[in-house]
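The values are calculated or read from the model by the stated rules, or taken from the named source; none is laboratory data. The shown structure was predicted, so the numbers you read here are calculated from the model rather than taken from an experiment. Don't worry about glycine lacking a Cβ; one is built from the backbone with ideal geometry, like all the others, and counts go over all protein chains shown. For accessibility, only protein heavy atoms count, side chains too; no ligands or nucleic acids. Shrake-Rupley method; radii C 1.70, N 1.55, O 1.52, S 1.80 Å.
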Amino acid sequence: MLDTASEPAVAAAAPRRRGELLLPAILLAAYAVLLLLDLSVPQPVDHSRYMDAARSFPSRPPDPIFEHQYLRIGLTAPTALAMKVFGYSEATYHLFPVAAALLLFGSVYAIGRLLFGRLVGAVSAAVLGCVGIVVVAGTELLPDLPATALFTAAVALAVALRRGLLRHRRVWLVVIGVLLGWSYLVREFIVFVWPLVPVLLWRRIGRWDALWAFVPVALTGIGETAFNAWLYGDPLARLHAGSGLGDLPSRPEVAKTFHNLPLWVYLWRLPQQLATLPEGPGLLLLLALTLGAGVVCSVGLVRGWRGGPPADPPIRRAGVFALWIVLLWVPLTLLGGVLNPAHPKLRLQLLRYWYPVFPAFVLGGVAALWLLGRAVRPRARAAAPAVVCCVALLTAGLAVFGRPGAPGWAGSPRVSSDALPEFRSWLARSGARTVWADAKLYRVLPIYFVTRTGHRVWRGRLRPLTNAGQPAVGDFVVAYSVGSDACPRCGDAAKAALPGIPSTWRPVLTSHDHLLHVWQVH
């Protein structure tokens, strides 16, 4: 599928410039600043379960329903290491996700740069990095984006090896194997896209060289099997837990969104869910262009096998991204409802399950735009960059600022609310001994009993609130995010526990964004 004749010669002829790393370094630094300025609010659902798993690592969960989260040791083990240094804090919560987001950003740039040039690499990284759900996922403790980042880094190294740009090939093959194995330990169904790596290395390494990448993967599987046998008494505990996700208890209104639906709904899930995003039009265009390039590439390959002129090398490179998409789309749609609509293995409407293909269709779409620009105006050097930049600016602009009925992530309370840090500052000087919070906020607040890096600022007692009659005189009650997407579960739980505020409660704190309120009981 890729160009197999000219790549090493092209790579050998490419000049080594000292400034080659300057652009990616600047882009990475800018993206790091963006992430650190837009840290997402911790959530009292899966996110806090991973923090609990890290705090007690290695351990079994108190409730078997959470086993699949405790078993993802590729995420919980690094978080546990961070917790040794920073405690149960914001730094621990955000550290691994931010590092993974930066790895993904750099890997996307590297793939685009190696296959098509700096423009495609820089624009692809910028577009993907600005997608709203990626900005949020880049700072929240969930497995999907880190697994995608580790796999994409392995793809970037495979492309570099294919083009003969890396010395000590066997060392880098070991690194690829480690990245693949780690990605599996973070999120199990990332293995569906693993075949892309051997496709990229086809005819570039020998069978014995391939063992250098295979051994770390095999050791990862053996190690996890032994770990699960020791801790759970079941060597295949994670596979069993992961295969039963679709059968976990769901509210009726949730179950009807992925059970017993028409076939076309399962097949159309990815574009359907992309269309709901503010940047949906741009992402759908990039997805269509990527799949279109895949069709053109496939036609060229068939024509070449029949003795006709094969597809041009750039088209073959662009076709790789369509293969990347197909490798995930086929098994996910089959398991997500096509094979058994009454018992889907996962909820395809959750876009985070689709993160592994986001780099593929962003890179493939930008590359296809670049190729189209060159084909339409072959004598106008500015045509391709102009087309690429216009679509990229439109997509990134929609992601940041939104469109009618679909606001962008800029200014969203999910990434802009400073209410909980304000509460921490108040708590440190308040002298409060007992604080009550609804059952959801109760799971989030312990992160804010310490500074960002883990220094304890409050040693009182936090208690779960179910009704307004529980707090005693002198106690404090806190509610957060009512009517906001900063922490929707917190807001819903607060409304349920406090349908009205007793007249004897005196307000003592309202955050600057009016999302957090504290009262003292009199």
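The table below gives the values:
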quantity: Computed magnitude of the charge dipole of the chain (debye, nearest 20; Cβ of K, R +1, Cβ of D, E -1); calculated: 1260
quantity: Counted charge near residue 226, where neighbours are those whose Cβ lies closer than 13 Å (Asp, Glu -1; Lys, Arg +1); calculated: -1
quantity: Positive-end residue, the stretch 308-461 charge dipole about Cα centroid, Cβ charges, pick of 364, 413, 325; calculated: 413
quantity: 5 angstrom amide H check on residue 450, placed H, neighbours 5+ away; calculated: 457
quantity: P(r), alpha carbons of the stretch 307-362 - 5 Å bins starting at zero, rounded %; calculated: 4, 18, 21, 18, 13, 10, 7, 6, 3, 0
quantity: Per residue, in Å², the accessible surface of the stretch 442-484 once ligands and nucleic acids are set aside, probe 1.4 Å; calculated: 49
quantity: Inter-centroid distance (Cα atoms) of the stretch 471-510 relative to the stretch 32-108, Å; calculated: 27
quantity: Cα-centre dipole for the stretch 319-403 with unit charges at Cβ (Lys and Arg positive, Asp and Glu negative), debye to 20; calculated: 220
quantity: Added length on full extension, which subtracts the Cα-Cα distance from 0.36 nm per residue, residue 37 to residue 375; calculated: 117.6 nm
quantity: Percent accessible area from carbon and sulfur atoms, the stretch 140-243, protein chains only, probe 1.4 Å; calculated: 72
quantity: Relative contact order (%) - the stretch 36-193, alpha-carbon pairs under 8 angstrom, separation at least six; calculated: 25
quantity: Where chymotrypsin sites (Phe, Trp or Tyr not before Pro) in DSSP loops with at most 14 other Cβ within 10 Å are excluded, longest remaining stretch of the chain; calculated: 269-522
quantity: 5 angstrom amide H check on residue 403, placed H, neighbours 5+ away; calculated: 408
quantity: Kirkwood Rh, angstrom, the chain [1 / mean 1/r, Cα pairs]; calculated: 24.8
quantity: Between helix 169-186 and the chain: long-axis angle, C-alpha atoms, 0 to 90°, nearest 10; calculated: 40
quantity: The stretch 462-522 - percent of accessible surface contributed by carbon and sulfur, probe 1.4 Å; calculated: 55
quantity: Neighbour count of at most 15 Cβ within 10 Å plus DSSP loop: longest trypsin sites (Lys or Arg not before Pro)-free window in the chain; calculated: 18-166
quantity: With Cα atoms, 0 to 90° folded angle of helix 73-86 axis to the chain main axis; calculated: 50
quantity: Semi-axis lengths (Å, descending) of the ellipsoid that matches the C-alpha gyration tensor of the stretch 252-304; calculated: 31, 17, 5
quantity: Where the Cα pairs of the stretch 327-445 fall when distances are cut into 10 Å bins, in %; calculated: 10, 20, 22, 24, 14, 7, 2, 0
quantity: Per-residue HN-Hα couplings for the stretch 308-319 [Karplus 6.51, -1.76, 1.60; θ = phi - 60°; Hz; x = Gly/Pro]; calculated: x, x, x, 5, 4, x, x, 5, 5, 5, 5, x
quantity: Nearest-ten-degree value, helix 383-401 long axis tilted from longest Cα axis of the chain; calculated: 10
quantity: Relative contact order of the stretch 411-522, pairs being alpha-carbon contacts under 8 Å that are 6 or more residues apart, as %; calculated: 31
quantity: Long-range Cα-Cα pairs in the stretch 419-522 (distance over 20 Å), rounded percent; calculated: 31
quantity: Relative contact order (percent, whole number), the chain, Cα cutoff 8 Å, 6+ residue spacing; calculated: 17
quantity: Å² of accessible area per residue within the stretch 15-165, as computed with a 1.4 Å probe and no ligands counted; calculated: 34
quantity: Lys, Arg +1 and Asp, Glu -1 on Cβ, resulting dipole of the stretch 413-522 about Cα centre, debye, nearest 20; calculated: 440
